[in-house]
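What follows is a set of notes on a single structure, which appears directly below.
Rule-based calculations on the coordinates, nothing more; no lab input. Computed from a predicted structure; not experimentally measured. Don't worry about glycine lacking a Cβ; one is built from the backbone with ideal geometry, like all the others, and counts go over all protein chains shown.
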């Protein structure tokens, strides 16, 4: 299906130069002299690189329909991660390279969203917030306060996040997966 630059929306997936791109940001520009154009920031689905592209106003591009499916994370064996569709109980295997940074937030039995363009999986989205146990961190010292500094803590999935000094090994923490920041102790 073809869309014009007038129909652009953030998050829309388009085909440009025989590759699939997500529109991260766009801006319609109508200069006083010359024709109008659309300045866009596009993120390539396969590699994740972001580029700036300018289109003429009214230019037509192919639109790609993106669907998200909720899958349950079963386990990882090092080379691949295994998921199950909770509706059909069909199991999927995705490579470690494909899952990428999302893997450090995945705990067995967590639900994730996998984005599909047609029949091809294009991305894994972990839950926005996860609760993970601290497996290793330096001990806090007497006199450390809440407003004090931070220290690194290793979580049960292997992710390392900065936490306040009062966090100890064995604590369960709520983490924001978008930026890897500590939210609170659970």
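Using the beta-carbon distance between residue 136 and residue 57 and R0 = 45 Å, what value does 1/(1 + (r/R0)^6) give for FRET efficiency, to the nearest 0.05?
According to the calculation, E is roughly 0.20.
If r is the Cβ-Cβ distance from residue 79 to residue 47 and R0 is 25 Å, what FRET efficiency results, to the nearest 0.05?
Values: r = 21 Å, r/R0 = 0.82.
Calculated value: 0.75.
How would you rank 64, 24, going from fewest to most other Cβ atoms within 10 Å of each one's own Cβ?
Result, fewest neighbours first: 24, 64.
Roughly how many Å is it from the Cα centre of region 48-83 to that of region 149-167, as a whole number?
Using only Cα atoms to place each centre, the spacing works out to 30 Å.
Taking the Cα of residue 9, stepping 7 Å toward and past its beta carbon, and measuring to each backbone N in region 56-86: which are under 20 Å?
58-70
Can you put 75, 16, 89 in order of Cβ neighbours within 10 angstrom, beginning with the fewest?
Values: 75 11, 16 16, 89 8.
Lowest count first: 89, 75, 16.
Can you give me the relative contact order of the chain as a percent, contacts being Cα pairs under 8 Å and 6 or more apart?
Contact order relative to length: 14 percent.
Report the calculated FRET efficiency for residue 95 and residue 16 (r = Cβ-Cβ distance, R0 = 22 Å), to the nearest 0.05. List each step's numbers first, then the result.
Values: r = 25 Å, r/R0 = 1.16.
Calculated transfer efficiency: 0.30.
What is the distance, in nm, between label points placed 7 Å from the Cα along the Cα-to-Cβ direction at residue 174 and at residue 27?
Going from the residue 174 label point to the residue 27 one covers 3.6 nm.
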